[in-house]
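The next block holds one structure in the form of structure tokens; read it before the comments.
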Amino acid sequence: MVWPGWDSLESVKKYSSLSEGTAIVLLLMAVLFELIALFWEKREKLFALLGLAALVLLAADEYVVNQYNHRKDALYEQSEIDIREGFTQKLQKAVTDAQDADAKASGFSDKLKKANDDAKDARNKAVLAEAQAEEVRQANAYRTLSPQQKETLLTALKAAGPETLYFICSPDPESQQYFSELSGVLTSAGWKLEMHPYNWGTIETYPSGVQVWVSDPNDAPRGAAMLQAALKKVDVDAQGLKFFMMKKDNFTLYVGPKPHGKTTAPVSPHH
């Protein structure tokens with residue numbers, strides 16, 4: 001079955017986000033109907049059926065969300081494959097050009113200098129193509145914590161004492177994997193991660209990098225400062241940024257896409 005926007009990564013991300021928002025609405029409706037049925041005995045059966053219908057629609061919506069998420073991962077993977085193949089072809093062409101130039105130089109002494117120049121130019125192109133390919137590989141490589149970094153971070157977090165914090169993670173696979181590593185160390189150290197309140201709305205554009213969101217950077221909670229310091233010990237530069245929805249005593253760990261330039265400030269959610 002082909003879903004709407006199935007062949008476009010941007011469309012798939014849009015429909016995935018829309019489906020996730022629909023799931024939240026359906027869940028709230030199911031809870032509301034069940035509460036009404038509990039307290040309004042005269043209409044108990046009606047609202048119980050409405051709650052059940054909302055749950056059925058929620059299950060169907062979750063299936064749609066899963067389909068779009070799987071498709072999104074596949075399109076990300078295909079995009080990376082296309083980039084690597086393109087640079088591989090450029091590299092192979094440059095190497096072939098260099099070999100052809102060397103062959104011409106060995107057969108014609110009167111054109112030796114020109115052929116050598118051609119070969120040198122082709123080799124330079126091959127080196128450049130290899131450097132570009134390496135840059136692409138580095139840019140697409142997933143962030144990860146080494147065993148030593150995990151041990152250092154775990155020790156620092158345990159010394160800081162257990163804290164409770166919210167978390168937000170960009171939906172791309174690389175960010176999800178990196179967040180999984182960070183959250184694994186946090187929970188091993190006794191820290192507790194909670195889902196952020198639903199009234200924060202939906203983020204449409206995810207800033208890059210790791211950030212710690214607080215109500216006031218000049219008067220941040222102790223846990224936020226300790227988390228930022230612990231991450232710095234393992235070379236993770238977590239910016240402390242103000243987020244207007246944050247309460248004074250709370251803080252949030254945000255993991256966004258891998259930075260490719262300057263990290264941006266958090267974007268206000270849309271309700």
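Against the definition (part of a helix (DSSP H, G or I) and closer than 20 Å to Y198 by Cβ), how does A30 come out, yes or no? Considered against the rule, which asks whether it is part of a helix (DSSP H, G or I) and closer than 20 Å to Y198 by Cβ, A30 comes out as yes. A count restricted to segment 101-158 and to residues that are among the acidic types (D, E) and at pLDDT 70 or above stands at 5. Restricting attention to segment 1-14, the residues that are assigned to a helix (DSSP H, G or I) and at pLDDT below 70 total 2. Screening Y178 with (1) surrounded by 19 or more Cβ atoms within 10 Å (Cβ to Cβ); (2) assigned to a strand (DSSP E or B) gives one miss only, at (2). None of Y166, Y206 is under 30 Å from Y15 (Cα atoms), modelled with pLDDT of 95 or more, hydroxyl-bearing (S, T, Y) and not assigned by TED's automatic domain parsing to the domain that holds K72 except Y166. Among the conditions (1) of a type in the set (A, V, I, L, M, F, W, C); (2) within 30 Å of L26 (Cβ to Cβ); (3) without any contact (Cβ under 8 Å) to a residue 24 or more places away in the chain, the only one that A225 does not satisfy is (2).
Scanning segment 209-239 for residues that are part of a strand (DSSP E or B), within 20 Å of the chain's Cα centre (by Cα) and modelled with pLDDT of 95 or more, we see that the one that is surrounded by the most Cβ atoms within 10 Å (Cβ to Cβ) is W213.
Residue selection: F39 fails the criterion of being farther than 30 Å from P171 by Cα, without any contact (Cβ under 8 Å) to a residue 60 or more places away in the chain and either crowded, with 18+ Cβ neighbours inside 10 Å or small (G, A, S) (or both). Of all residues in segment 152-207, those satisfying the criterion of being within 21 Å of the chain's Cα centre (by Cα) and of a type in the set (S, T, Y) are Y166, S170, S175, Y178, S180, S183, T187, Y198, T202, T205, Y206.
The values are calculated or read from the model by the stated rules, or taken from the named source; none is laboratory data. The model shown is predicted, which means the values in this text are computed figures rather than measured ones. Positions of Cβ are backbone-derived with ideal geometry, glycine not excepted, and every protein chain shown enters the neighbour counts.
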